[in-house]
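Step one of this worksheet: look at the structure below.
The values are calculated or read from the model by the stated rules, or taken from the named source; none is laboratory data. Being a predicted model, the structure only gives us computed values, none of them experimental. All Cβ positions, glycine included, derive from the backbone under ideal geometry; neighbour counts span all protein chains shown. The accessibility values were calculated without ligands, DNA or RNA, using every heavy atom of the protein model including side chains. Shrake-Rupley method; radii C 1.70, N 1.55, O 1.52, S 1.80 Å.
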Amino acid sequence: MDILETHAYHRRQKRNKSCALFLSLLPFFLSAALYFYLWTPASPPSIMSAGVKAAPVLLLAAVVLSWNGGQSVLGVVGGLVFSAVGDCCLVWPELFLHGMGAFAVAHLLYSVSFLSSRYTKNSSSCWSRFLYLILFMVGGGYYTFLFPFLQKDPNSEVLTPAVGVYFVLITLMGLLAARTSNVATLLGSLSFMVSDATLSLQVFKVVAPMQHGNTVVMVTYYLAQLLIAVGDMQAVEDTDEFSKWKRS
């Protein structure tokens with residue numbers, strides 16, 4: 001097989017994998033569309049609404065597990081499962097702290113995954129260092145901005161340090177995502193931060209209720225989970241291809 005034939009073969013393989021990945025993600029897209037179709041913010045919390053909200057993320061976890069096997073159980077798959085738990089908790093306002101705790105564990109598991117050997121590290125470039133500084137300043141600055149509003153909450157003694165820990169973990173996730181050379185992973189982490197920032201503005205009454213605020217939160221949230229999941233599958237695929245190349 002000459003070079004041109006080899007190139008065409010690899011190109012066909014890549015195209016077939018892309019098609020297979022898209023088909024495997026169809027349940028996620030359909031369940032996310034169902035969530036927005038059925039979504040009624042004024043309706044009382046229920047098991048059904050919690051299930052519909054968490055379904056897209058659980059389906060993503062199943063896709064990552066089927067593609068990566070056990071490599072991602074204590075990483076992105078685990079993070080997606082804890083995110084689904086957080087989704088369910090946030091349906092009931094009184095379970096807000098439980099939901100935040102579940103998402104904090106999810107960020108910790110994502111961070112562990114981004115530290116794994118399958119992600120290429122890019123920590124020495126000037127661009128990466130600049131991004132680290134920006135993320136650190138944004139995370140710390142935003143928490144400082146929220147602090148007075150957290151103090152006004154009746155449960156401020158617990159909420160203020162809990163939100164502080166949460167901000168440390170999500171900022172750490174963003175910093176570690178920036179260390180990788182995976183564009184999907186980085187964009188997913190940044191989208192997650194945008195989603196949480198938009199949510200916090202409404203939950204802690206920083207701004208008046210926004211007409212489409214919850215839609216922005218959920219669109220950026222589902223996008224974040226999708227990009228993180230795809231980034232993890234790409235990382236495993238690239239590692240497998242590199243291993244095959246070394247053996248050959």
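From helices alone, the chain scores -28000 deg cm²/dmol at 222 nm; the rule is -39500 (n - 2.57) for each run of n ≥ 4 DSSP H residues, then divide by the residue total.
Shown for the chain: lysine pairs separated by 8 or more places, or found on different chains, whose C-alpha atoms are under 23 Å apart, numbering 7.
Annotation: MET137 carries an accessible surface of approximately 120 Å², with a 1.4 Å probe and no ligand, DNA or RNA atoms counted.
As a rough guide to protection, the peptides 26-39, 175-188 ranked by mean Cβ packing within 10 Å, highest first, stand as 175-188, 26-39. Taking the Cα centre of each part, how many Å lie between region 35-85 and region 137-173? Taking the Cα centre of each part, region 35-85 and region 137-173 sit 25 Å apart.
For region 227-234, putting each phi into the Karplus relation 6.51 cos²θ - 1.76 cosθ + 1.60 with θ = phi - 60° gives couplings of 5, 5, 5, 5, x, 5, 5, 5 Hz, in residue order, rounded to whole numbers and with x for Gly and Pro. Among the protein heavy atoms, those of LYS53 account for about 30 Å² of accessible surface (1.4 Å probe, every chain in place). Less than 5 angstrom separates the built amide H of THR180 from those of ASN122, all sequence-distant by 5 or more or on a different chain. Apolar share of the accessible surface for the chain: 71 percent from carbon plus sulfur atoms, 1.4 Å probe.
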